[in-house]
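Shown next, in structure tokens, is the structure this report addresses.
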Amino acid sequence: MESLLVGSFQKPPSSLQFPATAELCLLTTGSRAAAQNCKCKAMNNPENNYAISMRLQLHRKLAMQQHVRNNRERIVASSPRCGSKHLVNANSEHSLESEPSKSHLRSIQHALDAFYRFSRPHTVIGTALSIISVSLLAIEKLSDFSPLFFTGVLQAIAAALLMNIYIVGLNQLSDIEIDKVNKPYLPLASGEYSVTTGVMIVSTFAMLSFFLGWIVGSWPLFWALFISFVLGTAYSINLPLLRWKRFAFVAAMCILAVRAVIVQIAFFLHIQMHVFGRPVVFSKSLVFATAFMSFFSVVIALFKDIPDIVGDKIYGIRSFTVRLGQQRVFWICILLLEMAYLVALSGGSNIVLHLEQMDNGCWSYCVGFITLESRQFD
């Protein structure tokens, strides 16, 4: 049987027979004398030389693997960082597992940042502070500061902010090409948002605003939302007889109507009638605040177009800045603001004589000052 097995392989040259046999005996026994004895036996039985050489190759391979394993164990045992291999592997597996979560977190942060820019946060802050200020004008006594009052204010702010995002979003959808020049950081102008995404956002927020205004059950609040929706749409949307922002005077009147009239009167009546259940009374403070904000709304309408002169010229928006120049419009705005604040301060200067006038002047001054600090260019 052994002769058949050996005969199935090609015999190596005779010059490799004896050294190979001797080396096999040396590897297996570890003795030179045993190697000499094995060599002599191989000379007496040359037919087994090839089988012995194959065994020698196998033993060489096994001995080399054992040698490598022994050296590796000695290195790991002598190293102060023993077991670091497993630690590195564990860390690498952990990093691979945490990589998707980091990517998910970055995508969420990017989405929030894009929506933050899309919502035009300075208008959100200005709207919220304006509603808070005008709601305080309805306070007549200290007991009016109740949970019912704060609930009514939060309802008004939530519904108004939803409508505010609809208005500024629709303006961006209508001004994508202009914003590529004037405001390239906005999501629609930069390509972060598609037109479809913008339409979905503004439609959703408009519906949510009307839904909230309806379930609250306050007619002053609902009509404030509706009129703001109509004027905001007519101001921006590019349809025949609309897109009123192309005409400087009409655009200024839209802003004045919303900021000076709707916000002041409608939200005051929301607190006065719906929250407190009192009859309609236009107090002196409300009249004063409306007059002050009329000046201030004109300043908003003029000021917001100053940095947009390049894009407005290219796309045919005939704003006052395009017609009169940036410097002249800037100083007109400064003059109007000085007049408004001088009137507000003079209204609050009769503190000693009339307590009511003091309240009116202070509240009106707060309305103007807070709104001014919160406004930036649209």
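Of note:
- First in region 296-325 and within 28 Å of Ser130 (Cα to Cα) and touching a residue at least 24 places away in the same chain (Cβ under 8 Å), second anywhere and among the polar types (S, T, N, Q) and open to solvent by 40 Å² or more (accessible area, probe 1.4 Å), Cβ under 6 Å, 6 or more apart: Ile306/Gln326
- Selected residue [in contact (Cβ under 8 Å) with a residue 24 or more places away in the chain and under 21 Å from the mean Cα position of the chain (by Cα)] from Ser103, Ser119, Ser133, Ser107: Ser119
- Within region 265-295, considering residues that are aromatic (Phe, Trp, Tyr) and at pLDDT 85 or above, the one surrounded by the fewest Cβ atoms within 10 Å (Cβ to Cβ): Phe282
- Residue satisfying all of: in region 204-218; hydrophobic (A, V, I, L, M, F, W, C) and under 16 Å from Thr151 (Cα atoms); most open to solvent (accessible area, probe 1.4 Å) among these: Trp214
- Hits in region 184-202 - residues which are out of contact with any Asp or Glu (no Cβ under 8 Å at 6 or more places or on another chain), in contact (Cβ under 8 Å) with a residue 12 or more places away in the chain and either among the hydrophobic types (A, V, I, L, M, F, W, C) or open to solvent by less than 60 Å² (accessible area, probe 1.4 Å) (or both): Pro187, Tyr193, Val195, Gly198, Val199, Ile201, Val202
- Between Leu225, Leu231, Leu221, the distinction of being in contact with a Cys (Cβ under 6 Å, 6 or more places away or on another chain), buried (at least 17 other Cβ atoms within 10 Å of the Cβ) and closer than 23 Å to Phe205 by Cα belongs to Leu231 only.
- Picking from residues in region 160-213 that are over 26 Å from Phe226 (Cβ atoms) and aliphatic (A, V, I, L, M), the one that is nearest to the chain's Cα centre (by Cα) is Leu186.
- Considering only residues in region 204-250 that are of a type in the set (Ser, Thr, Tyr) and touching a residue at least 24 places away in the same chain (Cβ under 8 Å), the one that is nearest to Val280 (Cα to Cα) turns out to be Ser218.
- Count of region 303-324 residues which are over 15 Å from Lys183 (Cα atoms) and open to solvent by 20 Å² or more (accessible area, probe 1.4 Å): 7
- Criterion applied to Ile176, Ile165, Ile125, Ile157 was being within 22 Å of Leu212 (Cα to Cα), surrounded by 14 or more Cβ atoms within 10 Å (Cβ to Cβ) and free of Cβ contacts under 8 Å to residues at least 40 places away in the same chain, and the one residue passing it is Ile157.
The values are calculated or read from the model by the stated rules, or taken from the named source; none is laboratory data. Since the model is a prediction, treat every value here as computed from it, not as a measurement. With ideal geometry, Cβ positions are generated from the backbone for all residues, glycine too; neighbour counts draw on all protein chains shown. We work out accessible area using only protein heavy atoms, side chains counted, and drop any ligands, DNA or RNA first. Shrake-Rupley method; radii C 1.70, N 1.55, O 1.52, S 1.80 Å.
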